[in-house]
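Laboratory data are not the source of any read-out in this text; all were calculated from the coordinates shown. Note that the structure is a prediction, hence the values are computed from the model and not measured. Note that each Cβ is placed from the backbone with ideal geometry, even for glycine, and that neighbours are counted across all protein chains shown.
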C-alpha cells in the first residue's frame, strides 16, 4: 500500500494546491491534444476515401465491415462528428464530447489501417485523449480532472514504452540490440528512400553505424534501455531525465531511419519540461495580482 500511495501521490497528488501556471499549461496542453485529434480524424478520413479493400482487420474492424466506409465519404462524416465532439469537450459543453471523440477516433484508426500497416505514432495522443475523456466524465472538480489527466498520461506513456522494450526482449531476446540488426534497418530505409528520390545517400550517423558494429550496438542498447526504464517517469524527480532519454530515442530513430512521430515527439516535449513552473515565474515577474486573478477566473470558466 505504501508503494501504491507513493505512486498515486507522484502521478496525481490531488490534495496539493494548484497554481495559475498549472491551469494555463493544462489548457494549452489540452489544446494541443485537441488539435492533434482533429488532425488525425481528417487525415485518416481523406485516406479512407481512397481505400477499396481490407487487407488486415484491426481492432473494432474485426466486428464492423470496414468496406462500408470505403469511397463514400462516410469517414469524412465521422471526422466532422469527431471535430464537433472535441470542441464540445474542450469548452466543457458536454462531458460526453471527449468520450465520443475517443471512440470514433479509434474507429477511424481501425478503418484507416486495414491495409496491413499498423503504426504506433498516434498511440500517445490516443491515450491522452482517453485521459481527458475519463477525467471530464468522472470528476466534477476541475483540479481533479486536470490532475487525473496528467497522471493518467504519464502512467500510460511510461508503461507503453516499457512494454515496447519487453516486446523486443520477448521477440528477439537480449540480442535485439545487435548492431547488425541496425545495419539491416538502415539499408531497408535507404532502399525505400532510393525508390522515392532516386538517390542512395547516407548521413554521418548512418555511415558511422554501418562502419562499426560496436557503435551500432551501443545505439540500440541505449534506445532499449531508454524504453525499459520509461516507467521511472511516474516519479517526478526522474521525469524530465527519463522523457529526455525517450526523446533522444526518437531523435535517433529519425536520424538513423528517417522515421519521426512528430505528434508524439511534441507531446513528450510538453510532458518533459516544467512549463507550469516557468509560467508561474513569468507571472510573478510581470503580472499584477489582478491579472493573475483574472487568468484564474478564465481558467476556472473553461475548466
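All conditions in (1) in contact (Cβ under 8 Å) with a residue 40 or more places away in the chain; (2) more than 17 Å from the chain's Cα centre (by Cα); (3) under 19 Å from residue 176 (Cβ atoms) hold for residue 235, with the sole exception of (3).
Taking each residue of segment 193-207 that is free of Cβ contacts under 8 Å to residues at least 24 places away in the same chain and at positive phi and looking for partners that are in a loop (DSSP other than H, G, I, E, B) and surrounded by fewer than 12 Cβ atoms within 10 Å (Cβ to Cβ) with beta-carbon atoms closer than 9 Å, six or more apart or interchain, yields nothing.
Name every residue in segment 229-259 that is at negative phi, surrounded by 14 or more Cβ atoms within 10 Å (Cβ to Cβ) and in a loop (DSSP other than H, G, I, E, B), in order of residue number.
Matches in segment 229-259: 229, 235.
Considered as a group, the residues in segment 35-64 that are in contact with a helix residue (DSSP H, G or I) (Cβ under 6 Å, 6 or more places away or on another chain), in contact (Cβ under 8 Å) with a residue 60 or more places away in the chain and assigned to a helix (DSSP H, G or I) include one that is nearest to residue 278 (Cα to Cα), and that residue is 36. For segment 178-201, the set of residues classified as over 25 Å from residue 213 (Cα atoms) and assigned to a helix (DSSP H, G or I) consists of 195, 196, 197, listed by residue number.
Scan segment 123-140 for residues that are over 19 Å from residue 112 (Cα atoms) and surrounded by fewer than 22 Cβ atoms within 10 Å (Cβ to Cβ) and the total you get is 6.
Exactly one of these conditions fails for residue 212: (1) surrounded by 15 or more Cβ atoms within 10 Å (Cβ to Cβ); (2) in contact (Cβ under 8 Å) with a residue 24 or more places away in the chain. Give me its number. Of the numbered conditions (1) surrounded by 15 or more Cβ atoms within 10 Å (Cβ to Cβ); (2) in contact (Cβ under 8 Å) with a residue 24 or more places away in the chain, the odd one out for residue 212 is (1).
Residue-wise test of (1) in contact (Cβ under 8 Å) with a residue 40 or more places away in the chain; (2) in a helix (DSSP H, G or I).
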site: 86; (1), (2): yes, yes
site: 103; (1), (2): no, yes
site: 108; (1), (2): yes, yes
site: 118; (1), (2): yes, no
site: 137; (1), (2): yes, yes
site: 151; (1), (2): yes, yes
site: 164; (1), (2): yes, yes
site: 173; (1), (2): no, yes
site: 176; (1), (2): yes, yes
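If I filter segment 114-122 for residues that are closer than 30 Å to residue 95 by Cβ and surrounded by fewer than 16 Cβ atoms within 10 Å (Cβ to Cβ), do I get at least one hit? Yes - at least one qualifying residue is present in segment 114-122. Is at least one residue of segment 142-150 over 14 Å from the mean Cα position of the chain (by Cα) and either closer than 19 Å to residue 241 by Cβ or surrounded by fewer than 18 Cβ atoms within 10 Å (Cβ to Cβ) (or both)? Yes, there is a match, as at least one residue in segment 142-150 is over 14 Å from the mean Cα position of the chain (by Cα) and either closer than 19 Å to residue 241 by Cβ or surrounded by fewer than 18 Cβ atoms within 10 Å (Cβ to Cβ) (or both).
Candidates are the residues of segment 88-101 that are free of Cβ contacts under 8 Å to residues at least 60 places away in the same chain and in a helix (DSSP H, G or I); the one that is surrounded by the most Cβ atoms within 10 Å (Cβ to Cβ) is 98.
Residue by residue, here is whether (1) surrounded by 13 or more Cβ atoms within 10 Å (Cβ to Cβ); (2) in contact with a helix residue (DSSP H, G or I) (Cβ under 6 Å, 6 or more places away or on another chain) holds:
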{"site": "152", "(1), (2)": "yes, yes"}
{"site": "155", "(1), (2)": "yes, yes"}
{"site": "159", "(1), (2)": "yes, no"}
{"site": "181", "(1), (2)": "yes, no"}
{"site": "218", "(1), (2)": "yes, no"}
{"site": "221", "(1), (2)": "yes, yes"}
{"site": "262", "(1), (2)": "no, no"}
